[in-house]
Every structure is written in structure tokens, then in C-alpha cells.
Amino acid sequence: MKVLVTNDDGLDAPGLWAVVKELQEVGQVAVVAPQQEQSGVGTSVSLRQPIKVSEVKSQLTGVETYSVEGTPVDCVIIAVNSLFPGEINLVISGINRGPNIGNDIFISGTVGAALQGYLQGISSLAISVNAYESLHFEIAAKLAALLASKVKEGLLSREILLNVNLPNLPLEETTGIEITTLSKQSYTGIVQEVQAGHYQIMRATKLSNIDSHSDIEALQRSRISITPLSFNLDNSPNNSLNHSLRRLVSLLYQGLRS
């Protein structure tokens, strides 16, 4: 089994190397990560411009490592299609410093990289810890390795996309693991005018009216959140939205011609 590890915190981020160390017990690991931090870039791709990729010395023996002057999604595309074509069995993105929950996953470079792996037909996992300092990476790393082993053993689907978030607590203070839904809320809804005509988007420190059984609720209850994500958009003829739109077609066309 060959695991590709990437992130959006950059190649030198301690969370990345914490998970790589644990994954070496499961299979062969390759690291392809951004040279610099790329937080908040979501699914951005560096189209129509050269992307410098350099093989660099790994922090751990036996781990082929590349630095990419691009986004997390660039890293996955280049790794899967050029550096290791046909070799990658699992993509793991993280361990991220800070949570990736609720609507914020759509701007997350961590989740964006995992999504790209999934779209390439590879089981993928994004993993984050709900803190920005004094992080307990060891628990997240062990959980990532356990999930990787279940993929290797065939106990998890070969076509999965999981978003995992852990409370920043010692294991004895973590109250369990919960399969959650994606909250409809966001931590990035605060805008502050820092000077005339200049605005800064900031993260909220807490949220209210938390969705039941959601990723955010699980973290607030000191539980690990595992959220299965699906981007398999249903465009079948019997889709209810398609049915409604078909009934409007003649009215829309008449409106265009009137």
C-alpha cells in the first residue's frame, strides 16, 4: 500500500511529519506538499503557469519527499499523474493546525487536497486538530494510521472521502468517536474594517445554534468527528430537481421568445 501525504500548512509543518511517522507502520509513504503555507486556498489549481517541483531531503528515512511551489490540489494532481502514476492507494491531507468543519471545508486547502484525491478515484482523508497551539498531534496521527489500515484491509470502501476533526485533548479526556454530518455554519463570517477601504475576514471564536449530530457539536462535546463527504452529484433523469426543471422548460423558452 502506498500513501500520499500532503497538507496546506506547508512542508515543514509538524502535523505532516507526525502523521507520516505513524503511516510508515502501515505502508510506503510519499510526501508531496506545498513549499509554503496555503491555508484557505480551497480547491485552487495553478492553471496555465509552470509549477516548480523539487525533490528534497526527508525528515524521516525512506520517505520520498517533494516540495511544490503551488497549492495543495496542485500537489495531489502532480503526485498522482506524474510523480507516482498508478501507485497511490490512499491520500491523506494533514494533520491540519485548526479545525476544518461546517461550511469552512469549502475554502480549506486541507479538504481541497483530499477532495482532489477522491476525484482522482483514490480513497482520501482530511484530518485536523481543533487548536492552533500546543497541539496533540499524536492522537490524530494514530487515528489516521488506523483508518489507513482499515482501507488496506478492505474494511473501508475504496471510494471514500472522510473529513476527520479531533478535539485538542489527551486521549483520556476524549469522550469517543462520532460519525457526524457537516454543519451549515462557518467560523469565517466576521469582517472587520482595519482602515478606510481595507477589510479583513476573521474567524469567530465560538458559534451558537449548533446543528445536532454535526461535526461542530461533536468537537464541543470533546468527541472525535468523522464526517463522510460525497461530491457525487446526482444528474439522473429521475432526479427531483431535474423533474421540476423539465416542467419549467416550456415556460422558460416562451419567456426568452417573448
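Here are a few things to note about the model shown:
- Helix-derived mean residue ellipticity, 222 nm - over the chain, DSSP H n ≥ 4, -39500 (n - 2.57), to 500: -8000 deg cm²/dmol
- Helix 137-152 axis, angle to the chain major axis (alpha carbon atoms, nearest 10°): 70 degrees
- Length-normalised contact order for the chain - Cα pairs under 8 Å, 6+ apart - percent: 17 percent
- Projected label points at Gln36 and Gln192, each 7 Å from Cα along the beta carbon direction, are separated by 2.4 nanometres.
- FRET efficiency for Asp211 and Leu119, using Cβ-Cβ distance with R0 set to 35 Å, rounded to 0.05: 0.85
- Using a cut-off of 24 Å between Cα atoms, the listed pairs Lys21/Lys57; Lys150/Lys184; Lys52/Lys150; Lys142/Lys184; Lys52/Lys142 include Lys150/Lys184; Lys52/Lys150; Lys142/Lys184; Lys52/Lys142 as exceeding that distance.
- Three-way shape call for region 2-257 based on the alpha-carbon gyration tensor, with the a/c threshold at 1.5: rounded
- Sites Arg48 and Glu69, calculated FRET efficiency, Cβ-Cβ separation with R0 22 Å, nearest 0.05: 0.90
- Counting only DSSP beta bridges with both residues in the chain, the antiparallel share comes to about 30 percent.
- Here the simple spin-label model places points 7 Å from the Cα toward Cβ, and for Ser58 and Arg221 these points are separated by 4.0 nm.
Each reported figure results from applying straightforward, stated rules to the coordinates on display, with no laboratory input. All values derive from a computational prediction rather than experimental measurement. No Cβ is skipped: glycine too gets one built from the backbone with ideal geometry, and neighbour counts run over all protein chains shown.
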